[in-house]
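Asker: First, the structure itself, so that you have it in front of you.
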Amino acid sequence: QVQLVESGGGLVQAWGSLRLSCAYSGSIFSINAMGWYRQAPGKQRELVAIIATGGITNYADSVKDRFTISRDNAKNTVYLQMNSLKPEDTAVYYCNYRGAARIYWGQGTQVIVSS
């Protein structure tokens, strides 16, 4: 089992910034990928950003150059720095772990961007 706990969501004005954190624990496979997904009301959950153990990253086109994913393996934490936020970034953001053919999700943290 892997436990994921997100934090850092909240209400922010457009063009503001937030940093999300996801602390993970449990049976972590040494080779894994951590990601952030989001789900807006009435929409499907979508990938925001992902980072592999070696640091390789991938971003959704909609957040490139605004969001940065990073991880601190010593602290078992993955971060999502979100800058220049837009109202369309409003969603519940979920942390995701993929390793050893297993997938786990956090409970989600709400991000609301006001115009």
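The values are calculated or read from the model by the stated rules, or taken from the named source; none is laboratory data. These numbers were taken from a predicted model, which means no experiment stands behind them. No Cβ is skipped: glycine too gets one built from the backbone with ideal geometry, and neighbour counts run over all protein chains shown. In case anyone asks, the SASA skips ligands and DNA or RNA and just uses the protein heavy atoms, side chains included. Shrake-Rupley method; radii C 1.70, N 1.55, O 1.52, S 1.80 Å.
Asker: Hey, among Gly106, Gly54, which residue is small (Gly, Ala, Ser) and modelled with pLDDT under 95?
Answerer: Gly54
Asker: Does Gln13 count as open to solvent by 80 Å² or more (accessible area, probe 1.4 Å), polar (S, T, N, Q), more than 26 Å from Gln1 (Cα to Cα) and modelled with pLDDT of 95 or more?
Answerer: When the stated conditions are applied, Gln13 passes them.
Asker: Can you confirm whether the range 41-49 contains a residue that is at pLDDT 95 or above, charged (D, E, K, R) and either surrounded by 11 or more Cβ atoms within 10 Å (Cβ to Cβ) or outside any loop (DSSP other than H, G, I, E, B) (or both)?
Answerer: Yes, that holds for at least one residue.
Asker: Could I ask something else about it? Do you know which of the residues in the range 50-64 that are closer than 20 Å to Asn83 by Cα and part of a loop (DSSP other than H, G, I, E, B) is most open to solvent (accessible area, probe 1.4 Å)?
Answerer: Checked the range 50-64; the qualifying residue most open to solvent (accessible area, probe 1.4 Å) is Asp61.
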